[in-house]
Amino acid sequence: MTQPREVGVGPWEGPWPEDPRLDPDLLREGDRRNVEDRYRYWRHEAIVAELDTRRHEVHVAIENWEHDLNIGSVVRTANAFNVAAFHVVGRRRWNRRGAMVTDRYQHELHHPDATALATWAATGAPDGGPVTVLGIDNVPGSVPLETYDLPRHCVLVLGQEGPGLTPQTQAVCADVLHITQYGSTRSINAGAAGAIALHAWVRRHVEGQRPVRS
Ligand SMILES: C[S@@+](CC[C@H](N)C(=O)[O-])C[C@H]1O[C@@H](n2cnc3c(N)ncnc32)[C@H](O)[C@@H]1O
C-alpha cells in the first residue's frame, strides 16, 4: 500500500542557520504547517511581516449570522490572494475549521453590522480615502462581475449559504455583482464565489496579470 505523502519538511539537517527569521523549534522538530515551501522553518511573525510588505489593496468581507462553514473557505482564499484584510460582519465568533489556520497570517477586522462596515469603508484606504463596498451575490438588481471595472480599493462582501447577502448589507453596497451562471443551480458556494471575485480583481489590478489589450 502506498503511504500518504508527508506535508512539509523534517528537522533541519546541516550547519545550524543564523537567519533570524527562522524558528529554532521548527528547525529542531520539522515544519509541517500549511505554508508555501519558501516559508519553511520561518517564524510565524516573520511570515506575516513579509506578507505585510506586499498585501493587495482589495479586502474581503463575509457576513456571519449563522456560523456558516463556508466562511473558513473564504478566509483561506483571502490568504491565497494576500488581501489587505478579511472582515467578518455580524457575530464575532466564526467557524474557523475550513480556514486551515490561514487566518493567522492575515489581518482580521470585525464589524457588528453592515452600517459599521460602511463606516469603516468611508476612510479604510491606507491614505484615509474610501474603500468601495461591493456586494457579491446574484440578487435582483445585481450586475455582471465579468464586465464590471473593479476599483483598486474595494471590499468584496459575500453572503451566507441560504439567506445570501442581507438587505442591510445590499443597502450599503455601491453595487452588487453577480457571477453569471449557466446551469440550473440557484448559486455556487460562497467560497467559490469569493475565489472568482478575487481572481477578477487580480486580473484587473496586479501587474503581469492584466489581459493584453490590442
Ligand atoms: C448560497 S449563496 C445564497 C444566495 C443566492 N442569492 C440565492 O438566490 O440563493 C451564498 C453566497 O454565495 C455567493 N454567491 C453564490 N452564487 C453566486 C453568484 N452566482 N454570483 C455572486 N455571488 C454568488 C454570494 O455571496 C451569496 O451570498
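Take each peptide in 28-40, 194-206, count the other Cβ atoms within 10 Å of every residue, and average; sorted highest first, the result is 194-206, 28-40. Descending by average beta-carbon neighbour count within 10 Å, the peptides 134-143, 92-101 line up as 134-143, 92-101, the highest first. When +1 charges are put on Lys and Arg Cβ atoms and -1 charges on Asp and Glu Cβ atoms, the dipole computed for the chain relative to its Cα centre reaches about 300 debye.
Give me the percent of DSSP beta bridges within the chain that run antiparallel, rounded to the nearest 5. Write out the running numbers ahead of the final one.
Values: 3 of 26 bridges.
Here the share of antiparallel DSSP bridges comes out near 10 percent.
Of the residues L22, S73, H56, the one whose Cα sits farthest toward the positive end of the charge dipole of the stretch 1-120, with +1 on the Cβ of Lys and Arg and -1 on the Cβ of Asp and Glu, is S73. Rounded, prolate or oblate: pick one for the stretch 128-209, where a ≥ b ≥ c are the square roots of the eigenvalues of its C-alpha gyration tensor, a/c under 1.5 means rounded, and failing that, prolate if a/b is larger than b/c, else oblate. Since a/c reaches 1.5 but b/c is at least a/b, the shape of the stretch 128-209 is classed as oblate.
Does the stretch 45-126 come out rounded, prolate or oblate, given a ≥ b ≥ c as the square roots of the eigenvalues of its C-alpha gyration tensor, rounded meaning a/c under 1.5 and, failing that, prolate meaning a/b above b/c?
Numbers: a/c = 2.23, a/b = 1.13, b/c = 1.97.
Oblate shape, in that a/c is at least 1.5 and b/c is the bigger or equal ratio.
Read-outs: derived from the displayed coordinates by stated rules, not from any lab. Just so you know, these numbers come straight off a predicted model, no measurement behind them. Because the Cβ atoms are built from the backbone with ideal geometry, glycine has one as well, and the counts that use them run over all protein chains shown.
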